[in-house]
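Following: one structure in structure tokens, then a few remarks.
Bear in mind that the values in this text are calculations on the coordinates, not laboratory data. Every value quoted in this text rests on a predicted model; they were computed, and no experiment measured them. Glycine gets a Cβ as well: all are built from the backbone with ideal geometry, and neighbour counts include every protein chain shown.
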Amino acid sequence: MLDSTDFFDILDTTRAMRRLKPDPVPDELIVRILRAGLHAPNSGNTQTWKFLVIKDIEIKKKVQVFYKRALDEIVGPRYANATTPPGATQDGYHRQHTAVEYLTDHYHEAPVWIVPCIDHGDGAPNRSSGASIYPAVQNMLLAARALGLGSTLTTRYLLHEKEAEAALGLPKGVHSYAILPIGYPMGNFGPVGRGELADFVYQDSWGQKFDAIT
Ligand SMILES: Cc1cc2nc3c(=O)[nH]c(=O)nc-3n(C[C@H](O)[C@H](O)[C@H](O)COP(=O)(O)O)c2cc1C
């Protein structure tokens, strides 16, 4: 396990950890993660967010039903025909899908979930509200990694948003943006797999390579 505390090592090894032990996670670590979320940038520093911590297995089980249904009925068939992403091998991509299935079956067994939410009143989530909460989500993923805890940003349950948010007990007008299942990882942390930086960066004109990247 890579246990460096160097910021860039942590950044480069914060990947989806989908196989989690059911062992309890001390509350003080969860509080540390939540504080990292609270320190994220947000529009106008209005801090309209709320972070729902779920430990109750019965609530998690109810949501898991919709998370699984979304894989079985919608996302799974898409995976079957998907091309291997940049930086991944066909084998690695297949392993990822197996891990996705594992997390789906064991979603509720992760000892703690953090559900970042915003109260929209009569409004609806949009790009701007998302921009105000996903920095907190990423801060929490990085903090979990730094503490030796695994997690994955999950949103698939939103394919059955109404039912899943009812199971989460969210009041009218409050919407969730992700579920972060958190626990001690079964496997090791390792480098994320991505394509070549040069393929994603342009300079001055769309399509022109950034010459600092060799
Ligand atoms: C918006 C968003 C939604 C995601 N939803 C899910 C999800 O529902 N289930 C899941 O297993 N992974 C989910 N992921 C994780 C991605 O699949 C993962 O980040 C990607 O495959 C790259 O893998 P890595 O993080 O291990 O490098 C999501 C990631 C993002 C950014």
Karplus ³J(HN,Hα) for region 86-93 (6.51 cos²θ - 1.76 cosθ + 1.60, θ = phi - 60°; Hz, whole; x = Gly/Pro) runs x, x, 10, 8, 4, 5, x, 5
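Write out the trypsin sites (Lys or Arg not before Pro) in region 106-214 meeting two conditions: DSSP loop, and at most 12 other Cβ atoms within 10 Å of their Cβ. All intermediate terms of the calculation are to be shown ahead of the outcome.
Working: sites: 127, 145, 156, 162, 172, 194, 209; in loops: 172, 194.
Answer by residue number: 172.
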Once phi is turned into θ = phi - 60°, what whole-Hz ³J(HN,Hα) does the Karplus curve with 6.51, -1.76 and 1.60 give for every residue of region 72-84, x standing for Gly and Pro?
4, 9, 10, 7, x, x, 5, 4, 4, 9, 6, 8, 5
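Among 176, 129, what is the fewest-to-most ranking by other Cβ atoms within 10 Å?
Values: 176 22, 129 19.
So the residues, fewest neighbours to most, are 129, 176.
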Counting lysine pairs in region 7-199 that sit 8 or more positions apart or on different chains, with Cα atoms under 24 Å apart, gives 22
Could you check how many percent of all C-alpha pairs in the chain are farther apart than 30 Å?
27 percent
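Could you give the length gained by full extension between residue 43 and residue 82, i.e. 0.36 nm per residue of separation minus their alpha carbon distance, to one decimal place? Kindly include the intermediate steps, with their values, before the conclusion.
Numbers: separation 39, 0.36 × 39 = 14.04 nm, distance 3.55 nm.
Roughly 10.5 nm would be gained on extension.
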Within a Cβ distance under 12 Å of residue 66, other residues only, what is the Lys/Arg minus Asp/Glu net charge?
+2
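Given Cβ point charges of +1 (Lys, Arg) and -1 (Asp, Glu) and nothing else, what value in debye, to the nearest 20, does the dipole of region 7-199 about its Cα centre take? Walk me through the intermediate numbers first.
Details: 21 positive and 20 negative charges, 22 e Å.
With Lys and Arg at +1 and Asp and Glu at -1, about 100 debye.
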Which order do 154, 13, 89 fall in if you start with the one that has the fewest other Cβ atoms within 10 Å?
89, 13, 154
Taking amide hydrogens as modeled 1.01 Å from N in the peptide plane, which residues meet the under 5 Å criterion relative to residue 112, leaving out close sequence neighbours?
182
How much length is gained if the chain between residue 32 and residue 120 is pulled fully straight, taking 0.36 nm per residue apart and subtracting their Cα-Cα distance, in nm to one decimal?
29.0 nm
Can you pull out the GluC sites (Glu not before Pro) in region 129-201 that DSSP calls coil and that have at most 13 other Cβ atoms within 10 Å?
196
Would you calculate, for the chain, the mean residue ellipticity at 222 nm contributed by helices, counting each DSSP H stretch of 4 or more residues as -39,500 (n - 2.57) and dividing by all residues, to the nearest 500?
-11000 deg cm²/dmol
Inter-label distance for residue 90 and residue 208, nm, one decimal - labels placed 7 Å from Cα along Cα-to-Cβ:
3.9 nm
